[in-house]
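The structure under discussion appears below in the form of structure tokens.
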């Protein structure tokens with residue numbers, strides 16, 4: 001592992017594109033990365049290949065882009081076994097199947 005980037009900068013592996021806008025970090029698990037972002041039609045959670053940055057699946061969390069203060073998703077997904085948990089800006093907590101992004105359950109605490 002290169003610990004001295006001044007002596008030898010790391011090689012860029014890929015640049016993520018199409019992940020939406022926001023401030024969410026990435027959660028890593030095996031060969032996949034998970035994040036959330038604001039897309040054209042709403043907020044989404046995405047699974048991305050750690051090898052090349054390609055989107056494996058995308059699941060919509062909201063049916064519109066949230067408008068509050070500063071724009072962008074803020075939720076970093078939480079991984080627990082085969083489940084993924086995210087909080088949408090709408091107030092919904094959503095549990096998804098980590099493998100395919102299918103919604104397991106959804107609870108809106110803003111209601």
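The values are calculated or read from the model by the stated rules, or taken from the named source; none is laboratory data. From a predicted model like this one, the values you see are computed outputs, not experimental measurements. Note that each Cβ is placed from the backbone with ideal geometry, even for glycine, and that neighbours are counted across all protein chains shown.
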Residue 76 vs. criteria over 14 Å from residue 101 (Cα atoms) and touching a residue at least 40 places away in the same chain (Cβ under 8 Å) | yes
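Yes or no, residue by residue, for (1) within 14 Å of residue 101 (Cβ to Cβ); (2) modelled with pLDDT under 90; (3) more than 11 Å from the chain's Cα centre (by Cα):
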residue	(1), (2), (3)
18	no, yes, yes
22	no, yes, no
27	yes, no, no
38	no, yes, no
41	no, yes, yes
51	no, no, yes
54	no, no, yes
59	yes, no, no
